[in-house]
Amino acid sequence: MKLYGYFRSSASYRVRIALNMKGLEYEQVSVHLAKGKQYDPEFSAISPQNLVPVLEHDDRLLYQSLAIIQYLDEKFPEPRLLPKDSPGRNRVCSLALISACEIHPLNNTRVLAYLTDTLKVTDEQKNAWYRHWVTVGFAGLEKRLATEKETGKFCHGDTPGLADITLVPQVANANRLKVDLTPFPTIRRINDECLKLEPFRKAMPANQPDAE
């Protein structure tokens, strides 16, 4: 397996956690997003959207972090990242999508660069934008995690899965951008539980070969 990613990419972070939870060995290839290396012709031939992560496995190129994680869960079913029951899978996916599809896309590198380079907002305004959308997303996520009976030690029961895999990178980003997480005690508790586990710690940005 070969994972094309970037140490600070939230989507790459998710896939690293999933690979680690499955106990799979993989080679990492760094694509330096901050230097625009995703637009190099060599990588464009690998990723038509010029995005990371890309997972190469069995002579296939796999795209989009959640689709990659689904592939891994089907190809290597233990430990499971999604519940066996339909209501459980629906809940876990819906929680994961809050982080992966509502918060993250508004705050990814391309969007932030457009704000500053094209719309000419200040760094202060850009960071306010970032904090706003994290706070909005976490408010709804916290309400669900704090009130739904399926929440346990982790987002769904007492075993980490897809919802936790998407949550932890988003909390890391929130901390980096100094988002006030005081209003979100359940999110903070679950994040702390995840970071006690080696697959999550090993996947942290600071622990990657290309970390700066």
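Laid out as a table, the results:
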item: Residue count, segment 35-62 (criterion: closer than 22 Å to PRO169 by Cα, open to solvent by 90 Å² or more (accessible area, probe 1.4 Å) and part of a loop (DSSP other than H, G, I, E, B)); result: 1
item: In segment 186-204, residue surrounded by the most Cβ atoms within 10 Å (Cβ to Cβ) [restricted to those that are without any contact (Cβ under 8 Å) to a residue 40 or more places away in the chain and assigned to a helix (DSSP H, G or I)]; result: ASN191
item: Filtered residues of segment 100-118 (kept if open to solvent by 50 Å² or more (accessible area, probe 1.4 Å), more than 16 Å from PRO169 (Cβ to Cβ) and assigned to a helix (DSSP H, G or I)); result: ARG110, TYR114, ASP117
item: Residue in segment 143-163 that is surrounded by fewer than 19 Cβ atoms within 10 Å (Cβ to Cβ), in contact (Cβ under 8 Å) with a residue 24 or more places away in the chain, touching an Asp or Glu at 6+ places or on another chain (Cβ under 9 Å) and in a loop (DSSP other than H, G, I, E, B) present; result: yes
item: Matching residues, segment 130-175, being touching a strand residue (DSSP E or B) at 6+ places or on another chain (Cβ under 7 Å) and of a type in the set (A, V, I, L, M, F, W, C); result: LEU145
item: Selection within segment 1-34 - surrounded by 14 or more Cβ atoms within 10 Å (Cβ to Cβ), of a type in the set (Gly, Ala, Ser) and part of a helix (DSSP H, G or I); result: SER10, ALA11, SER12, ALA18
item: Test for ALA174: is it hydrophobic (A, V, I, L, M, F, W, C), at pLDDT 95 or above and within 18 Å of PHE7 (Cβ to Cβ); result: yes
item: Which listed residue is modelled with pLDDT of 95 or more, under 17 Å from the mean Cα position of the chain (by Cα) and of a type in the set (A, V, I, L, M, F, W, C), from VAL52, VAL29; result: VAL52
item: Matching entry among VAL111, VAL171, VAL121 (being without any contact (Cβ under 8 Å) to a residue 60 or more places away in the chain, closer than 21 Å to CYS93 by Cα and not charged (D, E, K, R)); result: VAL171
item: Residue under evaluation ALA211, criteria (1) at pLDDT 95 or above; (2) open to solvent by 50 Å² or more (accessible area, probe 1.4 Å), criterion not met; result: (2)
item: Only one of VAL136, VAL179, VAL121, VAL168 that is open to solvent by less than 70 Å² (accessible area, probe 1.4 Å) and under 26 Å from ALA67 (Cα atoms); result: VAL168
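The values are calculated or read from the model by the stated rules, or taken from the named source; none is laboratory data. Keep in mind the model is a prediction, meaning the values are calculated, not measured. Glycine also receives a Cβ, built like all others from the backbone with ideal geometry; neighbour counts cover every protein chain displayed. The protein model used for the area step is the full one, side chains on, heavy atoms only, and it has no ligands, DNA or RNA in it. Shrake-Rupley method; radii C 1.70, N 1.55, O 1.52, S 1.80 Å.
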